[in-house]
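A short worksheet on the structure shown next.
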Amino acid sequence: MPNSSRGYSKVLSNRGFVFLLAAQALAVFDDNTFKQILAFFILAHVSAKADQNLFISLATALFVLPYIVFSSYAGQVASSPPFRFDNASLRHSLSKCKRKLDRVVMTNAN
């Protein structure tokens, strides 16, 4: 049985895991902050107490719904073989997207 009393010290010695754990912590903070701001917004704009509870419950359900719906698809994508992106093809794809976005913005500018 491995010695679990050391905690994260061995994992944190690897620099890549430090950044992964930091990114996950920031993502959790961002998700919870957004959910709390949404709840405060509902509390400020809905007057009836029963409606406040209903809307906060619905907002929480809608916030979690994409994780439930897309988790299996994300698992399939994560298990698929890795794709290779080189800088030239990535730059070309980004410039094509930028040109299309420029066209959309310019046509809708008036």
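The values are calculated or read from the model by the stated rules, or taken from the named source; none is laboratory data. Treat the numbers as computed from the prediction; the structure is a model and nothing was measured. Neighbour counts run over all protein chains shown; Cβ positions are idealised from the backbone, glycine included.
On the basis of being exposed (fewer than 10 other Cβ atoms within 10 Å of the Cβ), part of a helix (DSSP H, G or I) and at pLDDT 85 or above, does Ala39 make the cut?
Considered against the rule, which asks whether it is exposed (fewer than 10 other Cβ atoms within 10 Å of the Cβ), part of a helix (DSSP H, G or I) and at pLDDT 85 or above, Ala39 comes out as no.
Please specify each residue of the range 65-92 satisfying the condition of being at pLDDT below 85 and of a type in the set (A, V, I, L, M, F, W, C).
Within the range 65-92, Ala74, Val77, Ala78, Phe83, Phe85, Ala88, Leu90 qualify.
With respect to Ala23, determine if the residue is assigned to a helix (DSSP H, G or I) and under 25 Å from Gly7 (Cα atoms).
Taking the combined requirement at face value, the residue satisfies it.
Can you name the residue in the range 51-79 that is closer than 17 Å to Thr33 by Cα and of a type in the set (S, T, N, Q) and is also surrounded by the most Cβ atoms within 10 Å (Cβ to Cβ) among such residues?
So, considering only residues that are closer than 17 Å to Thr33 by Cα and of a type in the set (S, T, N, Q), the one surrounded by the most Cβ atoms within 10 Å (Cβ to Cβ) is Thr60.
Quick check on my filter: what residues within the range 33-49 are within 14 Å of Leu62 (Cβ to Cβ), among the hydrophobic types (A, V, I, L, M, F, W, C) and within 19 Å of the chain's Cα centre (by Cα)? So that I can check it myself, show each step before the final result.
Taking the range 33-49 first, the residues within 14 Å of Leu62 (Cβ to Cβ) are 34-35, 38-39, 41-42.
Now restrict to residues that are among the hydrophobic types (A, V, I, L, M, F, W, C): 34, 38-39, 41-42.
The answer is Phe34, Leu38, Ala39.
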